[in-house]
Amino acid sequence: MQIRTAHGLALILSVASLGAVQGPARAESAPTRAAMPHPVVVGPKKKAARHKPYQVGTASWYGSYFDGKPTASGEPFNMYDLTAAHPTLPLGSWVRVTNLRNGRTVVVRVNDRGPIVPGRIIDLSYTAARVLKFNAQGLQQVRLDLVPPQTVEMARAVAE
């Protein structure tokens, strides 16, 4: 019987204490609207745009063996340029490549066709692989996002 009484008193005290935490019950004891600071209305919060990736898959890189050899665009391959080979994107396209393991990104220009190995979606130059920090591994899971040419031109103008 004493245990039931103790439980009942504990329940009553916890309910009573919850009521005390809620604040004043009378309207005149609450601060008036004029005394409250006015909120600054900026507009609806916009979430960061989450675009669907163009492609997600395995990337590889190529370097010194191909250095100086002609690419599909006709220019010689330079392993130190930020370029890439893609099977279908138009030559001259710009692509943001994101390493899904570490989040690093690089923007490259498509100037060649490839990869030749099935299951890979893009071949990057040695320097692009270094920027993404996967040149030691050789292969990495990446995300590809198309970059509009206007964005690249604006970035060049700002850099000059």
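Laboratory data are not the source of any read-out in this text; all were calculated from the coordinates shown. Predicted model, so just to flag it, every value in this text is computed and none were measured. Glycine gets a Cβ as well: all are built from the backbone with ideal geometry, and neighbour counts include every protein chain shown.
Structure summary
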item	result
Under Karplus coefficients 6.51, -1.76 and 1.60, residue-wise ³J(HN,Hα) of region 112-118 in Hz, glycine/proline x	8, 9, x, x, 7, 6, x
For region 45-123, the spread of Cα positions along each principal axis, largest first, Å	50, 22, 22
Among I116, G63, A129 the positive-end extreme of the charge dipole of region 55-159 (Cβ point charges)	A129
Region 71-160: Cα Rg divided by the 2.2 N^0.38 Å rule of thumb	1.05
Ranked V108, V131, criterion: other C-beta atoms within 10 Å, fewest first	V131, V108
Exposure proxy order (Cβ contacts within 10 Å, fewest to most) of S60, S125, S93	S93, S60, S125
